[in-house]
Amino acid sequence: MSYQDISSHITEIYGKNISPAAINEITDKIIDKVRDWQQRPLESCYPFIWLDAIYKIRENGRYVNKAVYAVIGVNIRGIKEVLGLYINDTRGANFWLQVLTDLRNRGVEEILIASVDGLKGFPEAIGSIFPNTEVQLCIIHQIRNFIRYVSSKIQKEFMKDLKLVYQAVNEQAALGTVDKLDKKWKDKYPVAISSWRNKWDNLSNYFKYPEEIKESYLYN
């Protein structure tokens, strides 16, 4: 965003008028603190982290295709914090490797559970840096990724059936519901069904945890 964009945004949100020149001056004063924040040491263990990227940002008054990679963690005291923000021209597992390496270099030794989207190669990237981390694919992302294969007229009924899968009491019950989905919808929407079966190992990890932990990270 340009300084003028930031000025307009502050006026719109907070009703305060701050000139672009003033914002420029403020930025110059805090840029060193921002760099210190980006490079600050992290804790050795995070029970949960969420990793996601937004692939379109506003730059110099227009929207451009760049990815903002965000890492949010919950520390052992239960406090959620932003561990890092990174910008790259493309979105992919290769850059996530750089992000994960940066976390390790800043002191992270152990991540118990990582909640991520369905990006190809993402679980493998995490495993290469933090081999003991359990990867849980975000259910919301999974739904967004496959629902486009289902006719809009049928989506409401399909989602009603699917809810019985990810809200099942345990993995066995969930797998039984997947079998029912398979019988009912496979002929019309084989890609939608297979997307759940093919990713089941990373979609179903949350079933082994109690309800309060499920709520903490299931939906990313």
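The values are calculated or read from the model by the stated rules, or taken from the named source; none is laboratory data. Quick caveat: nothing in here was measured; it's all calculated off a predicted structure. Ideal geometry is used to build each Cβ from the backbone, glycine not excepted, and the neighbour counts take in all protein chains shown.
Residue 35 meets each of the listed conditions (1) over 21 Å from the mean Cα position of the chain (by Cα); (2) of a type outside the set (A, V, I, L, M); (3) assigned to a strand (DSSP E or B) apart from (3). In a residue-by-residue description of region 129-151, the property of being free of Cβ contacts under 8 Å to residues at least 24 places away in the same chain and of a type in the set (A, V, I, L, M) applies to at least one position. Based on this model, can you work out whether residue 119 counts as in a loop (DSSP other than H, G, I, E, B) and within 22 Å of residue 142 (Cβ to Cβ)? Spelling it out, residue 119 is indeed in a loop (DSSP other than H, G, I, E, B) and within 22 Å of residue 142 (Cβ to Cβ).
Taking region 151-192 as the range and being within 27 Å of residue 133 (Cα to Cα) and β-branched (Val, Ile, Thr) as the test, the residues that pass are 165, 169, 178.
Residue-by-condition table, conditions (1) touching a Gly at 6+ places or on another chain (Cβ under 9 Å); (2) at pLDDT 85 or above; (3) among the hydroxyl-bearing types (Ser, Thr, Tyr):
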| position | (1), (2), (3) |
| --- | --- |
| 173 | no, yes, no |
| 184 | no, yes, no |
| 193 | no, no, no |
| 209 | no, no, yes |
| 214 | no, no, no |
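Let's see how each residue does on (1) of a type outside the set (Phe, Trp, Tyr); (2) assigned by TED's automatic domain parsing to the domain that holds residue 115:
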| position | (1), (2) |
| --- | --- |
| 10 | yes, no |
| 14 | no, no |
| 23 | yes, no |
| 51 | yes, yes |
| 64 | yes, yes |
| 92 | yes, yes |
| 95 | no, yes |
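Residues in region 82-111 that are surrounded by fewer than 16 Cβ atoms within 10 Å (Cβ to Cβ), at pLDDT below 95 and part of a strand (DSSP E or B): 85, 87.
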